[in-house]
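The values are calculated or read from the model by the stated rules, or taken from the named source; none is laboratory data. Just so it is clear, the model here is predicted, and its values are computed rather than measured. All Cβ positions, even for glycine, are placed from backbone atoms using ideal geometry, and neighbour counts span all protein chains on display. Protein only, heavy atoms only, side chains kept; ligands, DNA and RNA dropped before computing areas. Shrake-Rupley method; radii C 1.70, N 1.55, O 1.52, S 1.80 Å.
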Amino acid sequence: MASSTIISRKMIKLLSPTPPSLRCHKLSFMDHINFHLHSPYAFFYPKIPQNYSSKISQILENSLSKVLSFYYPLAGKINNNYTYVDCNDTGAEYLNVRIDCPMSQIINDPYNDAVGVVFPQDLPWSSSLNRSLLVVQLSHFDCGGIAISACTSHTIFDGHSLSKFINDWASTARNMDFKPSPQFNASTFFPLPSETNLSSTLPTTHPSKRHVSRMYNFSSSNLTRLKDMVTKESHVKNPTRIEVASALVHKCGVTMSMEKSGMFKPTLMTHAMNLRPPIPLNTMGNAVCIILTTTVTEDEVKLPNFVAKLQKDKQQLRDKLKDMKKDMMPLYTLELGKNAMNIIEKDTHDVYVCSGMTNTGLHKIDFGWGEPVRVTLATSNKNNFIFMDEQSGDGLNVLITLTKDYMLKFQSNKELLEFASPVVESTK
């Protein structure tokens with residue numbers, strides 16, 4: 001396994017100090033109830049133009065300093081009961097690290113777990129209370145390639161906010177005159193109730209070392225085949241690529257579970273739904289609700305039936321939220337989260353968690369030296385499916401995390417391999 005050596009560690013300060021009037025950033029109720037951990041993303045760049053190779057760290061540091069002046073809560077500290085961020089301009093943690101192997105050894109490993117070396121040790125998916133809210137690591141490989149990883153606090157950033165920040169950071173790196181326009185006003189839409197139960201949060205669990213991840217690719221043509229199959233065999237109209245892909249991986253998960261236990265077990269699959277709009281697109285923070293889709297019979301697992309259920313559940317949630325006051329949305333989200341946790345604790349269902357980082361531009365993040373060849377996350381919890389845009393075309397990459405024994409069964413599923421292919425073929 002590759003090892004790393006820290007070359008330097010520093011705090012990146014804001015180019016412009018945060019005004020006293022913005023010193024206290026109130027967290028929204030949606031922030032307060034969310035997972036208090038670091039979300040870890042990594043971007044791999046194998047070929048660095050010679051005119052950039054000696055300047056990369058300086059470019060990243062200077063642009064990060066400027067963009068932090070606009071994203072100032074990332075440079076502060078969350079108070080102990082998660083009600084506000086003290087925007088004290090402490091800064092973001094920044095590490096320069098040397099990796100003792102070529103990049104190909106990491107990105108050509110069939111298991112995504114190898115990418116853990118480009119993140120600060122023990123930081124991904126860990127608590128964000130006593131650590132910098134943003135931790136960046138620049139990793140230098142023996143071959144001359146680099147990886148840029150960013151771990152941001154989920155308490156103040158959901159996936160949409162993170163993608164906006166990374167895009168704005170990259171734009172600033174290419175043009176220091178660029179001016180981002182984030183708004184830290186989520187608490188005006190989701191204010192903390194005056195009598196908040198400060199323990200009312202979604203439970204945080206940490207990934208087990210027994211979990212492994214693999215990335216699979218659904219090509220545009222295979223997604224079209226899946227859509228055609230679903231619509232031909234049902235009354236489903238205009239299924240999305242994530243709907244059909246998540247239906248397939250869900251079905252493969254059920255098959256895997258039945259092979260292991262010899263019987264069908266009901267399932268729960270969750271999807272995250274962005275609340276922007278109606279919340280403005282430039283509002284930073286957490287603005288996500290969850291869709292709960294259950295199956296209690298094998299017939300409901302069939303692709304057309306599952307996609308129909310998923311579409312129905314999505315529409316019911318949209319209808320519910322459409323007439324709901326915005327300040328009631330966090331309570332409803334918390335209720336849905338607790339319903340899911342009750343199911344998990346009772347162990348009556350196999351649970352699968354889906355999230356999407358599509359249509360965010362993250363697969364094309366260019367700091368000035370071209371687009372990445374791979375965008376990924378650190379290994380997370382079991383039965384987790386994270387959908388991302390593929391590096392080229394209209395296909396999907398899905399990062400699948402399972403227990404080791406389940407992954408051995410999952411990766412040989414014939415129906416999966418009919419429509420998806422591992423981004424890196426296994427030689428094991």
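Pull out the extension gain between S54 and S261, defined as 0.36 nm times the separation in residues minus the alpha carbon to alpha carbon distance; nm, one decimal.
Additional length available on full extension: 69.0 nm.
What number comes out for accessible area per residue over region 85-175 if the probe is 1.4 Å? Units Å², please.
28 Å²
Along each principal axis of its Cα atoms, how long is region 4-188 end to end? Whole angstroms, biggest number first, please.
Principal axes ranked by extent give 48, 36, 26 Å for the Cα atoms.
Got a sec? Which residues in region 81-113 would a label at D327 touch, if it sits 7 Å along Cα→Cβ and we count backbone N under 18 Å?
83-84
Between region 126-157 and region 16-46, what's the alpha-carbon centroid distance in Å?
That distance is 13 Å.
Tabulate in residue order the Karplus-calculated ³J(HN,Hα) for region 46-61, using 6.51 cos²θ - 1.76 cosθ + 1.60 with θ = phi - 60°, rounded to whole Hz; enter x for Gly and Pro.
Karplus values, whole Hz, x for Gly and Pro: x, 10, 9, x, 4, 6, 9, 3, 8, 10, 4, 4, 5, 4, 5, 5.
Rounded to the nearest 5, what % of DSSP beta bridges with both residues in the chain are antiparallel?
Of all bridge pairs located within the chain, approximately 75 percent are antiparallel.
Please compute the length gained on full extension between S392 and E425, using 0.36 nm multiplied by the number of residues separating them and subtracting their Cα-Cα distance.
Full-extension gain reported as 10.0 nm.
What nm value, rounded to one decimal, do you get for the distance between R318 and T5 when each label is placed 7 Å out toward the C-beta?
It works out to 5.5 nm between the two label points.
Between rounded, prolate and oblate, where does region 212-422 land on the alpha carbon gyration tensor, with a ≥ b ≥ c its root eigenvalues, rounded for a/c under 1.5, else prolate if a/b exceeds b/c?
rounded
Any chance you could run the full-extension gain for R276 through S16? It's 0.36 nm times the residue separation minus the Cα-Cα distance, nm to one decimal.
Extra length from R276 to S16 when fully extended: 90.7 nm.
What accessible area per residue comes out for region 212-422, rounded to a whole number of Å², with a 1.4 Å probe?
43 Å²
Say each of E300 and E415 gets a label point 7 Å from the Cα, pointing the same way as Cα to Cβ; how far apart are those two points in nm?
So the label points at E300 and E415 sit 1.6 nm apart.
Can you give the relative contact order of the chain as a percent, counting alpha carbon pairs under 8 Å and 6+ residues apart?
23 percent
How would region 329-428 be classified by its alpha-carbon gyration tensor: rounded, prolate or oblate, with rounded meaning a/c under 1.5 and the a/b versus b/c comparison settling the rest?
Note, shape of region 329-428 comes out oblate.
Would you please classify the overall shape of the chain from the alpha carbon gyration tensor, given that a ≥ b ≥ c denote the square roots of the eigenvalues, rounded means a/c under 1.5, and beyond that prolate means a/b larger than b/c while oblate covers the rest?
The shape class here is oblate.
Semi-axes of the equivalent ellipsoid for region 37-77, please: Cα gyration tensor eigenvalues, times 5, square-rooted, ordered largest first, whole Å.
So the equivalent ellipsoid measures 25, 16, 6 Å along its semi-axes.
As a test, work out the antiparallel percent of DSSP beta bridges whose residues both lie in region 212-422, rounded to the nearest 5.
Of all bridge pairs located within region 212-422, approximately 70 percent are antiparallel.
Can you pull the percent of region 73-203's accessible area that's carbon plus sulfur, 1.4 Å probe, other chains left in place?
46 percent
For region 409-425, in order, what is each residue's ³J(HN,Hα) by Karplus, 6.51 cos²θ - 1.76 cosθ + 1.60 with θ = phi - 60°, in whole Hz (x at glycine and Pro)?
Taking θ as phi minus 60°, the curve returns 6, 4, 6, 9, 5, 5, 5, 4, 6, 6, 10, 9, 10, x, 4, 10, 5 Hz for region 409-425.
If contacts are Cα pairs under 8 angstrom and at least 6 residues apart, what is the relative contact order of region 4-188 in percent?
Relative contact order comes out at 34 percent.
Name the long-range amide H neighbours of I7: under 5 Å, sequence gap of 5 or more, or other chain; modelled H, no Pro or chain starts.
Close amide H contacts, sequence-distant or interchain: N96, V97, R98.
Given P102, L60, F306, which one lies farthest toward the positive end of the charge dipole of the chain, if we put +1 on the Cβ of every Lys and Arg and -1 on the Cβ of every Asp and Glu?
Projecting each Cα onto the dipole axis, the largest value belongs to L60.
How do 250-256, 96-102 rank on mean C-beta neighbours within 10 Å, highest first?
Highest-to-lowest ranking by the protection proxy: 250-256, 96-102.
Identify, among L336, G395, V244, the residue whose Cα sits farthest towards the positive end of the charge dipole of region 212-422, taking +1 on the Cβ of Lys and Arg and -1 on the Cβ of Asp and Glu, with the dipole about the Cα centre.
L336
Which whole-Hz ³J(HN,Hα) couplings does region 340-350 yield from phi under the Karplus relation 6.51 cos²θ - 1.76 cosθ + 1.60, θ = phi - 60°, glycine and proline marked x?
5, 5, 4, 5, 4, 5, 6, 6, 8, 9, 7
So what is the calculated 222 nm ellipticity per residue for the chain, using -39500 (n - 2.57) for each DSSP H run with n of 4 or more, over all residues, to the nearest 500 deg cm²/dmol?
-9500 deg cm²/dmol
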